[in-house]
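These notes are about the structure you will find just below.
The values are calculated or read from the model by the stated rules, or taken from the named source; none is laboratory data. Worth saying up front: this structure is predicted, and the values here are computed from it rather than measured. Cβ sites come from the backbone with ideal geometry, for glycine too, and all protein chains shown count toward neighbours.
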Amino acid sequence: MKNHRHFLVRYFTGRIRVSELERELRAQIERVRATGLRVLHFNGHQHLHVLPEIYEMVTRLAEEYGVVYVRIPGDRRPRASLSRRLSMHGLNYFGRHARDAEANVTTNDATIGVARAGHLDVDALIESLGSVDGLTELVAHPGVGDAEIGSVYDWGYEWDRETEALCDERLKAAIDLHGIVLMRIAHLGNERV
């Protein structure tokens, strides 16, 4: 498959078989589990897992394999380019419908960071903290070595900048100021970090 846009065209024209996706996802889960690692959460590239039918399959597999968390995109008040805001409108639409689906898995109430994916700096992160309400997942793409990563992925992301932003002391101070409690997915429903 070329990219997520190509996938969406095929999906909306009925040329994606969810049963084939399920076989692939099962194979990926089994491969990870064979290493001894525990699969804790599900999300999909470009959030394609929230599309109807696919989301139902994903949550069913999450329940079957004991996956405790499935991300649902839902940025509140995203500040981004017009094209990115339109994309967020679509993601939020499918996210709302996914939240309404019956599933026995934990999902987030909102996300922050999706609208500015790959281009988060410390100021953008601090600004986004005002949208945190309930269980909110920060979606970020930190990394080290923009040139090397960029030679593999042509997304134009600023992985180094996001890493620096996430490590910035001003962000930690802002998190404390907002009274936000950080937690790990592995501890959902248990202890917080």
note = Reported set for the stretch 102-117 where residues are surrounded by 15 or more Cβ atoms within 10 Å (Cβ to Cβ) and in contact with a helix residue (DSSP H, G or I) (Cβ under 7 Å, 6 or more places away or on another chain) is ALA103, VAL105, THR107, ALA110, ILE112, GLY113, VAL114, ALA115, ARG116
query = How about the stretch 135-193: which of its residues are hydroxyl-bearing (Ser, Thr, Tyr) and either exposed (fewer than 13 other Cβ atoms within 10 Å of the Cβ) or touching an Asp or Glu at 6+ places or on another chain (Cβ under 7 Å) (or both)?
reply = THR136, SER151, TYR153
remark   = TRP155: passes all of (1) in contact (Cβ under 8 Å) with a residue 12 or more places away in the chain; (2) assigned to a helix (DSSP H, G or I); (3) over 15 Å from LEU182 (Cα atoms); (4) hydrophobic (A, V, I, L, M, F, W, C) but (2)
ask   = Can you find a residue in the stretch 52-72 that is buried (at least 19 other Cβ atoms within 10 Å of the Cβ), under 21 Å from GLU20 (Cα atoms), touching a His at 6+ places or on another chain (Cβ under 6 Å) and β-branched (Val, Ile, Thr)?
value = yes
request  = Taking only the stretch 160-193 into account, find how many residues are hydrophobic (A, V, I, L, M, F, W, C), modelled with pLDDT under 95 and assigned to a helix (DSSP H, G or I).
outcome  = 2
ask   = What are the pairs, 6+ residues apart or on separate chains, where a residue within the stretch 77-96 that is part of a loop (DSSP other than H, G, I, E, B) has its Cβ under 8 Å from a residue that is at pLDDT 85 or above and among the polar types (S, T, N, Q)?
value = ARG77/SER131
query = Which members of the stretch 40-91 meet the condition of being of a type in the set (A, V, I, L, M) and in contact with a Pro (Cβ under 8 Å, 6 or more places away or on another chain)?
reply = VAL50, MET88, LEU91
task = Please go through the stretch 114-135 and pick out each residue that is among the β-branched types (Val, Ile, Thr) and within 21 Å of ALA173 (Cβ to Cβ).
result = VAL122, ILE126, VAL132
